[in-house]
Amino acid sequence: MLAYVARRLVQSVLILLGVSLITFALLYILPADPVRQIAGRSATPQTVENIRRQLGLDQPFLVQYWHYLTGLVQGDFGRSYLQRTEVIDLIVARLPASLLLMAGAIVCELVLGLTMGLVAALKRGTATDQALMVSSFVGVSAPQFVVGLLLLYVFAVRLSWFPIGGYGTIWHLVLPSLTLGILGAGWYSRMMRSSMVDVLRQDYIRTARAKGLKRLTIILRHALPNAILPVIAMIGIDIGIFMSGIVVVESVFGWPGIGQLAWQAIQRVDIPIIMGVTLVSACAIVLGNFVADLVTPFIDPRIKLQ
Amino acid sequence: MKAFLTSTALALTLGLAAGVSAPALAQDKGSAETTPATYQPDPNAKEGDSIVITYKDDVSTLDPAIGYDWQNWSMIKSLFDALMDYEPGTTELRPALAERYEISDDGTVFTFHLKSGVKFHNGREMTAEDVKYSLDRVTNPKTQSPGAGFFGSIAGYDDVAGGTAETLSGVEVVDPQTLKITLSRPDATFLHVMALNFASVVPQEAVEEWGADFGHHPVGTGAFKLADWTIGQQLVFEKNEDYWRDGVPYLDQITFEIGQEPIVALLRLQKGEVDIPGDGIPPAKFQEVMADPEQKARVVEGGQLQTGYITMNVTMPPFDQKAVREAVNMAINKDRIVQMINNRAIPANQPLPPTMPGYDKSFEGYAYDPEKAKAMLAEAGFPDGFETELYVMNTDPNPRIAQAIQQDLSEIGIKASIQSLAQANVISAGGAKDQAPMIWSGGMAWIADFPDPSNFYGPILGCAGAVPGGWNWSWYCNEDLDKQAAEADSIVDPARQDERAKMWSDVYAKVMADAPWVPVFNEQRFTMKSPRMGGADNLYVDPVHIPINYDYVYVK
């Protein structure tokens, strides 16, 4: 077990190093020149060169990457070119909002997905089952930008149940969490349905039924816990999906998280921010997968860590 | 009138009648012969209350030496002051921190007499030393100011920019209330330069205290001070009770909410939660808003110092032939393009926008005539047209506009393939000599830094901009015109400004004779406001304060 953890940790560091190198290289070969973004339209060539030199962007690629890396291991993510602030400050200020949004999304997708999957499995083959599975399909395929605006329009503008975008109270959290969670809810309902259908076929369920237990007791006591575990183990993997989802959802709802930060930085070629957010997201994804792998053997003893 | 004595001082200095006209719409201020409109306090204005303004993007920095996007530009104007300023809602210069000034006969020495008793937000009194410090700071390469080059005419600039001097030799503190600035050459635009945000006066102690973070802890002399900045969420401006101009600002507080999509901001405006959507009306919603009388009543329309144009790279065949460039000028159906963007612009026939002094109303330009264009192309040796590339920024409506251009070109036989790229990539392509034969400038088009015709020439049409990494994407370089431009800019005498404007009109007419551009349209500005917002309409489409002039608007 310990050896496994150690090996995975080393792998994780290598993955992050690879991510940083590839992202840095992609940003380097980009034909867009960040210095011209900083210097603006009226800058003289002298000003442009001066800024380029001071930011070290006149150095060869490997030198620039080495500088970035040595800064990074000392906890220095660099300064944003355009916001003129430490990148780490920007990320730290925005990360809690993103984490909160993801937590909300996890709650939404589990509640929605598991309930839908459970009902579909119990009503297998009926119209309800079909309707639920079609809606889960829609949930998986619908673009989050559209879903977000639709929810905003119906529930915030028309019905005034929720505030129109923004951040602050639990009410602000509902619609963005739902938007981000709908995709996952679609997946979970399908997984939950098949997992539940599997469990319901097992011998111990038949035994329970033969003993004369009530249907509700069988479902809640015997079937549900067994069906739910493999589904829950997937949460760690969701982090990756969320990381791409927050870019859109945070923009629609004006949610002050790192997704919005990343989107703005990409538009303005603010390389230190793009690097910082990419690395933080990569960390989260690596960590999520790692935790998912560690948890699986506890849920399903047939799986062993090697 | 009493409260605005400084404005009268300007009118007197300029040798013009101190006659006062009501604030005129920005569009009307185009011709040079208009009398300056001195600002009159709005009799209906009420003090107090606060408003909410939304933006999609983070505010980058509020350091006046660095901030250079249209979002922080107006914010900085409300936090800081410079020696010069503009009449609210117009393009007329007026003195600000300088109470009055004198210009030497040869136009190279400017003596500014500062207003006394002006205090920074930290309570200290502003003096001529602060002005000198601020100019030294903005030109110092370590500051990395994108606007350093604007100060190139001040004596000693080259030494500071080159790093061999720490202070501008041409800026001299005569006494705490008097500053003398000597220029290395006469510069008619110098007073405009002194009204730029980059010329804002900052207190040395605050800049040194915060260092690189001064942009997040701004201290100026402006009408508002920064009360709170929560990264990614909001900024709060609070009224500066000690503001040196009497009577303004009217508002107690302005909250800028950050991170709001323009569509969401519009929905919130309809619910009364937002007063000004800072990013304007989203293009997709424009027709809907304009079709609804209730919403349309909240829209203020005005001109802006902007021209959208197509560049043709005069160094790349076949655009090295003037006849080909003229033919392209006649082939573009500008009315149709303007219609396509829901009439959010007016068709253009010359580089200068109509709100700019020097704009020539009588100029005819190239009329739309595809038949003649085709004939000219045939005469130039391309009876079957040719193939070329049109670069365009990839955000709506620019690719659609590029398609319209493509279609117009195909009518005369030119087959243009569209290269739709991210903004930064198009800018890079334009700055490379042999890459982009044609560029549609939309989304990157030139917006003037200050309302003066020279601002549309040097970087985008002059030889100085036709360098790798420059903004002269036509690579058009006419040394005779450069000379004429330099001559026009040496006319500092305020009494000869009409003559100067005419010289500039002539420069642009000659540019159009060589046809390196197809001027397509001048975008109009549309600002939406909540029903409770008060103040003259021109404050909401202020040509200098974008989106609005925070200091003079009020809540009804």
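Inspect segment A:10-20 for any residue being more than 7 Å from every other protein chain (Cβ to nearest Cβ) and modelled with pLDDT under 85 and give the result as yes or no. Outline the logic, then answer.
Restricting attention to segment A:10-20, the residues satisfying the condition of being more than 7 Å from every other protein chain (Cβ to nearest Cβ) are A:10-20.
Those left that are additionally modelled with pLDDT under 85: none.
Within segment A:10-20, none of the residues are more than 7 Å from every other protein chain (Cβ to nearest Cβ) and modelled with pLDDT under 85.
From B:V174, B:V160, which residue is at negative phi, more than 24 Å from the chain's Cα centre (by Cα) and away from chain A (no Cβ under 14 Å)?
Values: B:V160 fails: away from chain A (no Cβ under 14 Å).
It is B:V174.
Any idea which of A:A32, A:A3, A:A105 is farther than 21 Å from B:K142 by Cα and assigned by TED's automatic domain parsing to the domain that holds A:P256? Even if it seems obvious, please write down each step before you answer.
Working: A:A32 fails: assigned by TED's automatic domain parsing to the domain that holds A:P256; A:A3 fails: assigned by TED's automatic domain parsing to the domain that holds A:P256.
The match here is A:A105.
Of the numbered criteria (1) under 23 Å from B:Y39 (Cβ atoms); (2) of a type in the set (V, I, T); (3) at pLDDT below 95, the one B:I254 fails is (3).
I'd like the residue in segment B:433-447 that is more than 9 Å from chain A (Cβ to nearest Cβ), on the phi < 0 side of the Ramachandran plot and part of a loop (DSSP other than H, G, I, E, B) and, out of all such residues, is modelled with the lowest pLDDT. Walk me through it before giving the result.
From segment B:433-447, those more than 9 Å from chain A (Cβ to nearest Cβ) are B:433-443, B:445; that's our starting set.
If we keep only those that are on the phi < 0 side of the Ramachandran plot too, we end up with B:433-442, B:445.
Next cut, part of a loop (DSSP other than H, G, I, E, B) only: B:433-437, B:441-442, B:445.
Values: B:K433: 89, B:D434: 90, B:Q435: 93, B:A436: 94, B:P437: 96, B:S441: 91, B:G442: 87, B:A445: 68.
Ranking the qualifying residues of segment B:433-447, first place goes to B:A445.
In this structure, A:I91 qualifies as within 26 Å of A:V35 (Cβ to Cβ) and either crowded, with 18+ Cβ neighbours inside 10 Å or in contact (Cβ under 8 Å) with a residue 24 or more places away in the chain (or both).
Among the residues examined, B:K334 qualifies as charged (D, E, K, R) and surrounded by 19 or more Cβ atoms within 10 Å (Cβ to Cβ).
Apart from one condition, B:I427 fits all of (1) surrounded by 23 or more Cβ atoms within 10 Å (Cβ to Cβ); (2) more than 14 Å from chain A (Cβ to nearest Cβ); (3) at pLDDT below 90; (4) touching a Lys or Arg at 6+ places or on another chain (Cβ under 8 Å); the exception is (2).
Would you check which residues across segment B:503-543 are farther than 30 Å from B:A367 by Cβ and either surrounded by fewer than 22 Cβ atoms within 10 Å (Cβ to Cβ) or touching a Pro at 6+ places or on another chain (Cβ under 7 Å) (or both) and list them?
Scanning segment B:503-543 gives B:T527, B:M528, B:S530, B:P531, B:R532, B:M533, B:G534, B:A536, B:D537, B:N538, B:L539, B:D542.
Scanning segment B:483-501 for residues that are within 22 Å of the chain's Cα centre (by Cα) and free of Cβ contacts under 8 Å to residues at least 12 places away in the same chain yields a total of 1. Of all residues in segment B:327-350, exactly one satisfies the criterion of being of a type in the set (D, E, K, R) and not in a helix (DSSP H, G or I), namely B:R344.
I'd like the full set of residues that are at the interface with chain A (Cβ under 10 Å from one of its Cβ atoms), out of contact with any Ser or Thr (no Cβ under 8 Å at 6 or more places or on another chain) and not in a loop (DSSP other than H, G, I, E, B), limited to segment B:392-424. Reasoning before the result, please.
Of the residues in segment B:392-424, the ones at the interface with chain A (Cβ under 10 Å from one of its Cβ atoms) are B:395, B:421-424.
After this cut, where a residue has to be out of contact with any Ser or Thr (no Cβ under 8 Å at 6 or more places or on another chain) as well, the list is B:395, B:421-422, B:424.
B:L421, B:A424, listed by residue number.
Scanning segment A:251-294 for residues that are in contact with a Gly (Cβ under 7 Å, 6 or more places away or on another chain) and farther than 19 Å from A:Q83 by Cα, we see that the one that is surrounded by the fewest Cβ atoms within 10 Å (Cβ to Cβ) is A:V291. Based on what the data block shows, is B:L83 within 25 Å of the chain's Cα centre (by Cα) and within 14 Å of chain A (Cβ to nearest Cβ)? Judged against the criteria, B:L83 is not a match. Working only within segment B:230-278, note down all residues that are within 14 Å of another protein chain (Cβ to nearest Cβ), crowded, with 23+ Cβ neighbours inside 10 Å and either β-branched (V, I, T) or in contact with a Cys (Cβ under 6 Å, 6 or more places away or on another chain) (or both). Hits for segment B:230-278 are B:I258, B:V264, B:V274. Considering A:D270, A:D293, the condition of being among the acidic types (D, E) and within 13 Å of another protein chain (Cβ to nearest Cβ) is satisfied by A:D270 alone. Selection within segment A:66-122: residues that are of a type in the set (F, W, Y) and assigned to a helix (DSSP H, G or I). The member of this set that is nearest to the other protein chains (Cβ to nearest Cβ) is A:Y68. Candidates are the residues of segment A:132-155 that are over 20 Å from B:A284 (Cα atoms) and surrounded by 14 or more Cβ atoms within 10 Å (Cβ to Cβ); the one that is nearest to the other protein chains (Cβ to nearest Cβ) is A:F155. Residues that are within 14 Å of another protein chain (Cβ to nearest Cβ) and part of a loop (DSSP other than H, G, I, E, B) within segment B:279-298 comprise B:D279, B:P282, listed in sequence order. Under the condition of being of a type in the set (K, R) and closer than 14 Å to B:P146 by Cα, the residues counted in segment A:54-88 number 1. Among the residues making up segment A:228-249, those that are touching a Ser or Thr at 6+ places or on another chain (Cβ under 7 Å) and either in contact (Cβ under 8 Å) with a residue 60 or more places away in the chain or within 14 Å of chain B (Cβ to nearest Cβ) (or both) are A:P230, A:V231, A:A233, A:I246, A:V249. Remark: A:S20 matches the filter, which requires a residue to be out of contact with any Lys or Arg (no Cβ under 9 Å at 6 or more places or on another chain), of a type in the set (G, A, S), touching a residue at least 60 places away in the same chain (Cβ under 8 Å) and not assigned by TED's automatic domain parsing to the domain that holds A:L287. So, restricting to strands (runs of 3 or more DSSP E) that lie completely within segment B:168-266, which ones have at least 1 residues that are under 30 Å from B:K46 (Cα atoms) and among the polar types (S, T, N, Q)? Hits in segment B:168-266: B:224-230, B:234-239, B:253-258.
For first residues located in segment B:66-78 and more than 13 Å from chain A (Cβ to nearest Cβ), partners that are assigned to a helix (DSSP H, G or I) and modelled with pLDDT of 90 or more and lie 6+ apart or on another chain with Cβ distances below 6 Å form the pairs B:I76/B:N197. Here B:G107 fulfils each of the conditions (1) assigned to a loop (DSSP other than H, G, I, E, B); (2) at pLDDT 95 or above; (3) closer than 19 Å to B:D187 by Cα apart from (2).
Does B:G211 fit the bill of being more than 10 Å from chain A (Cβ to nearest Cβ) and at positive phi?
On the way: more than 10 Å from chain A (Cβ to nearest Cβ): yes; at positive phi: yes.
In short, yes.
The values are calculated or read from the model by the stated rules, or taken from the named source; none is laboratory data. Just so it is clear, the model here is predicted, and its values are computed rather than measured. Cβ sites come from the backbone with ideal geometry, for glycine too, and all protein chains shown count toward neighbours.
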